[in-house]
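Encoded as structure tokens, the structure appears first; notes follow it.
Read-outs: derived from the displayed coordinates by stated rules, not from any lab. Keep in mind that what you see is a predicted model, and the values were worked out from it rather than measured. Heads up, the Cβs are rebuilt from the backbone with ideal geometry, glycines too, and the neighbour counts pull from every protein chain shown.
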Amino acid sequence: MLRISDQIVIQDWELTETFTRASGPGGQNVNKLATAVELRFEAARSPHLPPPVKARLQRLAGRRWTEDGAIVIRCEETRSQARNRALARERLAELLRKALTAPRKRIRTRPTLASQRRRVASKHHRGRVKALRGTVGEED
């Protein structure tokens, strides 16, 4: 069981963990032990997440979101299987917490009068600079 917030708790049946051999340093350990963890969360089928949260989660997950609606998180940072497992679960929890908070709606503002005047003045200045680039007439 993975507690995300007071209202949302992910059950164990929604999570699948598979262990593989990790790459990188570790000496003989790397060839013998399966320390890397791949955590799979069936987000699209989860009854605990409302549809807007699922939509935000899909956008936040990016490449980690699969075609069948699962999130796959791979962790092979440490040499310990238990530590990698805890890190993967924490990353999933953090991703879910980010998806829970709805983005604030943007309030449209108007440009100030001074900024409008600065913009127009810079356009006039630029126009004058370009007007001076014309061909030079012959002098008699």
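Taking every Cα-Cα distance in the chain and sorting them into 5 Å bins starting at zero, the pair-distance distribution P(r) comes out as 2, 8, 13, 13, 10, 7, 6, 5, 4, 4, 5, 6, 5, 4, 2, 2, 1, 1, 0 percent.
Within the listed set 37, 53, 129, the residue fluctuating most in the Gaussian network model of the chain (springs between alpha-carbon atoms under 10 angstrom) is 129. Restriction of the trypsin sites (Lys or Arg not before Pro) in the stretch 62-125 to DSSP coil positions whose beta-carbon has at most 10 other beta-carbons within 10 angstrom yields 104, 105, 106, 108.
If you take all other residues with their beta carbon under 11 Å from the beta carbon of residue 46, and give Lys and Arg +1 and Asp and Glu -1, the sum is 0. Think of it as helices only: each DSSP H run of n ≥ 4 in the chain is worth -39500 (n - 2.57), and spread over all residues that comes to -12500 deg cm²/dmol at 222 nm. Mean-square fluctuations from a GNM of the chain, with a 10 angstrom spring cutoff on Cα atoms, peak among 16, 35, 109 at 109. When only the Cβ of Lys, Arg, Asp and Glu is charged (+1, +1, -1, -1), the dipole of the chain relative to its Cα centre reaches about 960 debye.
Please go through the stretch 19-98 and write out the GluC sites (Glu not before Pro) that DSSP classes as loop and that have at most 16 other C-beta atoms within 10 Å. Passing both the DSSP loop test and the Cβ count: 42, 67, 77.
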